[in-house]
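The values are calculated or read from the model by the stated rules, or taken from the named source; none is laboratory data. For clarity, every value in this text was computed on a predicted model and none was experimentally measured. No Cβ is skipped: glycine too gets one built from the backbone with ideal geometry, and neighbour counts run over all protein chains shown. Note: accessible area is taken over every heavy atom of the protein model, side chains too, but ligands, DNA and RNA are not part of it. Shrake-Rupley method; radii C 1.70, N 1.55, O 1.52, S 1.80 Å.
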Amino acid sequence: MKRGGQKPDLETAIGSVRLPNPVMTASGTVGHGAELARYLDYGELGAVVVKSLAPFEWAGNPPPRVHPVSAGMINSVGLQGPGLSRWLAEELPVLTAAGARVVVSIWGRSLDDYAAASKVLAAADSSAMEAVVAVEVNVSCPNLEDRGRMFSHSAATTEAAMAATANCGLPRWAKLSATGDLIDIATAAVEGGASALTLINTLLGMVIDTDARKPLLGGGGGGVSGRAIGPVAVRSVYDVHAALPDVPIIGVGGIASGADAVEMMMAGACAVQVGTATFADPRSPAKVLRELERWCASHGVNRIDELIGAAHE
């Protein structure tokens, strides 16, 4: 059924956070500031999610850091960043001036690091933080307190990492990988204080340099992203939505078109993030948004929330 000429209402809610549309950038793909402002109108997007920041400056991994793989890429950038305090002083004002609604992503090597990051955000000047709508807690990173495994590899460490950020003063979204018992881990994230879940982060992978007979990336293994992980992300969102239907989900992984966004929302996401596609075309988030709006208009969808979880009905 078509209702030609009627513009769909794309406004969405992620818990207490309301966005004019459900399309965001994905952390790690657009830098820490307004690096892509010449390609994107940041204010047009639902929100801009910045690259994960620690409460300290971090150099990241040795090169090479990025390599193409079939239908995607693998990276071992290693969470390079200037640290939260410097980001607040230098990059956030630029994003605010660009009209962005900002989601700040944080990470840590230990529970104390997560608590420290939360403390930095809580102490930030409120006027400077007006553009920040939420904190995405990246628990899909190495955990020095658990022998180098990711926090999100276990329910207990996921809950502990989320609880450590309780004082940041903003809604918190837990970013998880499709590892372990995802339902248990997602439940633990919510019990730790997550108001929403971002599913999924990259999947663990490796490329071998057959001439050198060693891993190609400077950091050894890396995270696989792009179209190749799309079906894994859709299944993850579908399963978690079925188990936790009242918990908002942001779907990410393999989204490069409006149809991809529709599929993710039908699986149960109330918003989506565009990541790896931005490396091939920095205008991809805006392209996905336009295609999503056209899809809704041509399929008689008046409100975007009509799509959320539709595949479960």
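Odds and ends about this structure:
- Yes/no for A178 being part of a loop (DSSP other than H, G, I, E, B), within 28 Å of E313 (Cβ to Cβ), open to solvent by 10 Å² or more (accessible area, probe 1.4 Å) and in contact (Cβ under 8 Å) with a residue 40 or more places away in the chain: yes
- Residue selected from segment 49-71 under the condition in contact (Cβ under 8 Å) with a residue 60 or more places away in the chain and open to solvent by less than 20 Å² (accessible area, probe 1.4 Å), by the criterion farthest from the chain's Cα centre (by Cα): A54
- Members of segment 270-296 found to be open to solvent by less than 30 Å² (accessible area, probe 1.4 Å) and either in a helix (DSSP H, G or I) or without any contact (Cβ under 8 Å) to a residue 40 or more places away in the chain (or both), listed by number: A277, T278, S284, P285, A286, V288, L289, L292, C296
- Qualifying positions in segment 153-172 - over 16 Å from V135 (Cβ atoms) and not charged (D, E, K, R): H153, S154, A155, A156, T157, A160
- Filtering segment 26-47 to residues that are open to solvent by 10 Å² or more (accessible area, probe 1.4 Å) and either of a type in the set (S, T, Y) or touching a Ser or Thr at 6+ places or on another chain (Cβ under 6 Å) (or both) leaves S27, T29, Y39.
- Restricting G108, G99 to residues that are under 22 Å from A26 (Cβ atoms), part of a loop (DSSP other than H, G, I, E, B), open to solvent by less than 30 Å² (accessible area, probe 1.4 Å) and touching a Phe, Trp or Tyr at 6+ places or on another chain (Cβ under 8 Å) narrows the list to G108.
- Filtered residue count, segment 17-31, keeping only those that are under 26 Å from V77 (Cβ atoms), assigned to a strand (DSSP E or B) and among the aliphatic types (A, V, I, L, M): 2
- Boolean, P93 is out of contact with any helix residue (DSSP H, G or I) (no Cβ under 8 Å at 6 or more places or on another chain), at pLDDT below 95 and more than 20 Å from G253 (Cα to Cα): no
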